[in-house]
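The structure under discussion appears below in the form of structure tokens.
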Amino acid sequence: MAYSSKVIEHYENPRNVGSFGTTGEVKQRKDVGVGLVGAPECGDVMQLQIRVNPDTGVIEDARFKCFGCGSAIASSSLATEWLKGRTVDEGLTIKNTQIVEELSLPPVKIHCSVLAEDAIRAAIEDYKQKNGLGAEAASDARAH
Amino acid sequence: MPKLPIYMDHAATTPCDPRVVEAMLPYFTERFGNPGSRNHSFGWEAEEAVERAREQVASLLGADRKEIIFTSGATESNNLAIKGAASMYAKAPAGSDKRGHVITCRIEHKAVLDPCKRLQKEGFDVTFLDPPRDGVITREMVEAALRDDTILVSLMWANNEIGTINEVPAIGALCHEREIVFHTDATQWAGKMPTDVERDGVDLLSMSGHKIYGPKGVGALYVRRRRPRIRLTAIQEGGGQERGFRSGTLNVPGIVGLGAAAEICRAEMDSERERLLRMRQRLEKAITTRLDVVQVNGHAEKRLPHLTNISFGFVEGESLMMACKDVAMSSGSACTSASLEPSYVLKGLGVGDDLAHSSLRFSLGRWTTDEEVDYVIDNVVRAVEKLRLLSPLYDMHQEGIDITKIEWQAH
């Protein structure tokens, strides 16, 4: 399958790879939201972490790790780029269709962008829950 | 530095040996006759070439030349063998039930599975054996599935995805004791490994030209003629060529190519097997030593010398192929064919979905060099290391988290 040049570029130079600590550590950190979506048996798992400034609600840093195809890696890499500098509420406006467009994903790879959107929502939800910021985002994410 | 890209997918297809092409060429132009033309020299010349090829293929298999039927490839050979034998040996006429019992295995090629599923729709009972974890079907497994009305056993000689070798001689002997027709799909075996249909008790054997450095679009079916004489109902009808088993004007250049390819395989088999085995073992050893959580699939010894299937934990197959873009090989996952389903063969062996998603099949061939093997080893090791730096699952594994215990949300 031919990948778009943008997918290849992200795949070869993924942005913001990593995490803000071990699984145990990030669970304790209130300024970090973690989204872990997908399943190994489906062939993709995305882990997205955001570090939020509690005073401004701005996502100051984002990190990802991804088990998946080139398009899944590119989608999550792109998600970290787009999240940085946005507030958590602005982060929720990122839609999978924007990712599809930016990366020129073919129809068979649209699920990668959906997964990236799910990861964004899950990370923001986790941050909000940790900080008692209401269940609104949570119900939004589940309705997806 | 070897020339790129490197071809390591010889189980999918092989290049034609230049000696094969040379043998074929005259049969496209000056020797273009139809072997069915019995009354002029053009026809005689073509017939002579076809009969020589029949002899060459027969020698490769330890058969008599009258037992070789030329077809368009192993898929057609499998269809003719399975549907043709079932129809001929059916216990009840078409349109009724209980026409007989057929045994095959879940990890056969689709060209065997689908004809067997067709038989199910046409009143036959089919048992699809569950393979053991090592992938090798034994005589005992077949014996346990036999019934009074079993008419046909169809089991591949060697598996195309993992290279495991079934106990064909023992299964052939069992079938002969019980007077059951035994078909083997030898597409990956013939031309690579010593074959003797007499010694090995095979009644029907399918093989293909393009897996043995011959051309595509040609194959053969061995049909036993004595002790016992196997009969088949033809699938394709017409001019009655190939003793009525397979009508249609013979593909003379292709058949000449198949014959030449068979002869070269027979002459070079022993030295080639040793060379390929040495290279495959080096590949496996280097990869399993340099990386953790890798698994060579299938039985450790009962495997083809030139093929290996390796699962890499915590990385995904398609991205692994992307990282090895200069090496042509096959992913254990069918993601590339857009189905997103992991290999049914690996799943059939009980390889978990997580590992089945990240498996590569390396198949070496006649022109594979040590230098190429070294390049592939380095390329694959570096790719897996890179992808594991990206893999959340590998992190969890290193933190001691059992990923099978996590409640994943399948989507």
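FYI, it's all coordinate maths here, none of it is from the lab. Quick caveat, the model's predicted, so the values are computed rather than measured. Virtual Cβ from ideal backbone geometry, glycine too; neighbours counted across all protein chains shown.
Highest mean packing first, where packing is the average number of other Cβ atoms within 10 Å per residue, the peptides B:8-15, B:173-180, B:24-31 line up as B:8-15, B:173-180, B:24-31.
Give the average, rounded to an integer, of partner chain Cβ atoms located within 10 angstrom of each Cβ in B:399-409. Before the final figure, lay out each step's value.
Values: counts 3, 1, 3, 0, 4, 2, 0, 4, 1, 8, 7.
Per-residue shielding by partner chains comes out at 3.
Backbone phi angles across the range B:304-314, fed through the Karplus curve with coefficients 6.51, -1.76 and 1.60 (θ = phi - 60°), yield HN-Hα couplings of 4, x, 9, 10, 9, 10, 10, 9, 10, x, 6 Hz in residue order; Gly and Pro are listed as x.
Averaging Cα coordinates gives a centre for the range A:1-79 and one for the range B:34-88; these two points are 59 Å apart. Taking amide H as placed 1.01 Å from N in the peptide plane, the amide H of A:Thr87 sits under 5 Å from that of A:Ile59, each at least 5 places away or on another chain. In sequence order, the range B:165-173 has phi-based couplings of 10, 6, 7, 4, x, 5, 6, x, 4 Hz under the Karplus curve 6.51 cos²θ - 1.76 cosθ + 1.60, θ = phi - 60°, and Gly or Pro positions carry x. Couplings 3J(HN,Hα) for the range B:133-142, derived from phi with the Karplus relation 6.51 cos²θ - 1.76 cosθ + 1.60 (θ = phi - 60°), are 4, 7, x, 9, 8, 9, 4, 4, 5, 5 Hz, where x marks Gly and Pro. For B:Thr71, nonlocal amide neighbours, meaning residues 5 or more places apart or on other chains whose placed amide H falls under 5 Å from its own, are B:Gly219, B:Ala220, B:Leu221. Given +1 at the Cβ of Lys and Arg, -1 at the Cβ of Asp and Glu and no other charges, the dipole of the range B:256-411 around its Cα centre is 360 debye to the nearest 20.
Listing B:Ser208, B:Ser331, B:Ser37 from fewest to most neighbouring C-beta atoms within 10 Å gives B:Ser37, B:Ser331, B:Ser208.
How many partner chain Cβ atoms sit within 10 Å of a residue's Cβ in peptide B:384-396, on average, as a whole number?
Working: counts 0, 0, 2, 4, 2, 4, 13, 7, 16, 6, 2, 7, 6.
That average works out to 5.
Among A:113-126, B:82-95, the peptide with the highest mean count of other Cβ atoms within 10 Å heads the list, and the full ranking is A:113-126, B:82-95. Listed from fewest to most Cβ neighbours within 10 Å, the set A:Lys130, A:Lys109, B:Lys405 follows the order B:Lys405, A:Lys130, A:Lys109. Peptide B:310-322 shows a mean partner chain C-beta count of 4 within 10 Å per residue C-beta.
In summary, the aspartates and glutamates within cross-link reach of B:Lys302, defined as a Cα separation below 12 angstrom excluding same-chain residues under 8 places away, comprise B:Asp134, B:Glu167. Between amide H atoms placed 1.01 Å from N, distances below 5 Å from B:Thr127 occur with B:Val102, B:Ile103, B:Thr104, all of them 5 or more places distant or on a separate chain. Within the set B:Lys117/B:Lys386; B:Lys110/B:Lys192; B:Lys285/B:Lys386; A:Lys95/A:Lys128; A:Lys95/B:Lys110, which residue pairs have Cα atoms separated by over 31 Å? Violating the 31 Å limit, Cα to Cα: B:Lys117/B:Lys386; A:Lys95/B:Lys110.
So what is the 222 nm mean residue ellipticity for chain B from helices alone, if each DSSP H run of at least 4 adds -39500 (n - 2.57) and you divide by all residues, rounding to the nearest 500 deg cm²/dmol? Before the final figure, lay out each step's value.
On the way: 12 runs with 156 residues, N = 411.
Dividing the helical sum by the residues of chain B leaves -12000 deg cm²/dmol.
Tell me the mean residue ellipticity at 222 nm calculated for chain A from its helices only (DSSP H runs of n ≥ 4, each -39500 (n - 2.57), averaged over every residue, nearest 500). Present the calculation step by step, with values, prior to reporting the outcome.
Working: 7 runs with 69 residues, N = 144.
Rounded to the nearest 500, it is -14000 deg cm²/dmol.
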